[in-house]
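Every number here is computed from the coordinates shown, using simple stated rules; none is lab data. Here the structure is a predicted model, which is why all the values come from computation and not from measurement. Neighbour counts run over all protein chains shown; Cβ positions are idealised from the backbone, glycine included.
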Amino acid sequence: MLGNLGTGLKDAFRRIAGLGVVDREAVEAVVRELQRALLQSDVDVQLVSELSARIREKVLKEKPPAGMTLKEYFIKMLYEELVRLLGAEKGEIELKPQKILVCGLFGSGKTTTIAKLAKWFKVRGLSVGLVACDTHRAAAQEQLRQIASRVDVRFYGEGKSPQDIAKNALRESKEDVLIFDTAGRDALDKELAKELKELGALVKADEVLLVIPADIGQAARRQSEEFNRLVGITGIIITKLDGTARGGGALAAAHVSGARVKFIGVGEKVDDFESYDPKRFVGRLIGYGDIEGLLEKAKSAGVEVDEGKAKRLMEGRFTMDDFYEQLGQMGKMGSLSKVMEMIPGMGQVKIPKDMMEVQEGRMKKWKFIIESMTKEERADPDIIRASRIARIAKGSGTAEADVRALLKSYKQAQKFMKMAKGGKGLKRGPLAALAKQFGAG
Ligand SMILES: Nc1nc2c(ncn2[C@@H]2O[C@H](COP(=O)(O)OP(=O)(O)OP(=O)(O)O)[C@@H](O)[C@H]2O)c(=O)[nH]1
Ligand SMILES: [Mg+2]
């Protein structure tokens, strides 16, 4: 869903996760990444620029809350800003007997959405009736009748005018929830506005839901404001989020219009429908199972490196102690596969399970080996030659081949650090260097 937006946002989060130092330059790089992703998704330029300003302000000028590193704060803050951009609050609809008027322009997805809505209420235990008030388009009533039979709910279509049909349905219906389908138009003209307003008053609608297709992007704002002014809406349903790159723009625009997005349509089938929760939505977009979990882990493991150390590492002065520390941190954070899942972007990297297990086993061995080294050996592993290798293997209860393998990996990591010197983003993190060691970089 929203393909590019998700990828762009994941990249931004991955960039943060890979930062050794959170400085102005690093923040700018993230902001640029973010802007590109949001603008491509047709989010209003003004909104993007406001968001960028808030990020710079918060990350560079504010102190992170106690117990939180700057990097964690950056991740948390960006996540919260995205949630705010895309709607802030969950759009609730009450599970109670009610009357719902569904409106929108031609082809926005009203009738399809009504089927989805009917099923949504039905599986939650409420009986549903559908009322065919679209007398404008010839086949509209027949379409709704078929939908009603498909989701197995009652259909009402007796009468000539939309008003008559609505009155008849109100008189006859014993269902808990009545959903009224209405005619679309090319634009919200006087005629449509009048018809919708009258219908809304006649049926005493509890909800007037405006259906907006995601592919109109930021134009959703004007449409929502217009309908609200002329008809009075209680919420929005954004459809076709599955088939467009502009969905982010539509969701953000709906939010600034002041209306709340209550549901989203993510496909043509009856089940391609969900109630809208910006938090969950953003979480899914950026590929985190859950952000709280990530922050907790990152905190307890203290992944962030201090500035002096980052500098030393950047200069390629990467000792065996650093290597050991990285191993230790991975151990603290849980299994390697878990850690990989939690690094934004890495979750997508598929590492075969058995390979993971082998690597985790090897990691434990390496810890024993490093623990058997002297202080001098750790500071300058180059002095470790054959006789020392034999001693270390014996001391750690491993084979000489294991010790050699560790030394080789260490050298590779060191080389990688030197290569990454002056590099940016993910390349900077020692954790990333280690990840590379395990073939995931
Ligand atoms: N991919 C996708 N297609 C959708 C979605 N919702 C609706 N559609 C499609 O959009 C087209 C129009 O849907 P309708 O429900 O007939 O739209 P409408 O607003 O009732 O149209 P009119 O009654 O003519 O104004 C159909 O082909 C639907 O299958 C969605 O969430 N995803
Ligand atoms: Mg229709």
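Listed peptides 59-71, 173-185, 390-402, 257-269 appear in the order 173-185, 257-269, 390-402, 59-71 once ranked by packing, highest mean of other Cβ atoms within 10 Å at the front. Highest mean first, the peptides 88-95, 231-238 sorted by other C-beta atoms within 10 Å per residue fall in the order 231-238, 88-95.
Inter-part distance, region 226-249 to region 38-75, computed on C-alpha centroids, equals 26 Å. Calculated translational diffusion coefficient of region 98-276 (20 °C, 1.002 mPa s; Stokes-Einstein with Kirkwood radius over alpha-carbon pairs) equals 135 µm²/s.
Percent of C-alpha pairs per 10 Å bin in region 3-88, short distances first: 17, 56, 24, 2. Residue by residue, region 163-176 carries 3J(HN,Hα) couplings of 5, 4, 4, 4, 4, 4, 5, 4, 5, 8, 5, 10, 6, 5 Hz when phi is fed to the Karplus relation 6.51 cos²θ - 1.76 cosθ + 1.60 (θ = phi - 60°); x denotes Gly or Pro. When you count the other C-beta atoms within 10 angstrom of each residue and take the mean per peptide, 17-29, 372-384 line up highest first as 17-29, 372-384.
Less than 13 Å from a label point 7 Å out along the Cα-to-Cβ axis of residue 168: which backbone N atoms in region 124-149 qualify, by residue? 131-135, 141-142, by backbone N distance to the label point. Averaging sequence separations of C-alpha pairs under 8 Å and six or more residues apart, then dividing by the length of region 3-88, give the relative contact order as a whole percent. Result for region 3-88 is 32 percent.
Per the Cα gyration tensor, region 160-264 maps to an equivalent ellipsoid with semi-axes of 27, 15, 12 Å, ordered largest to smallest.
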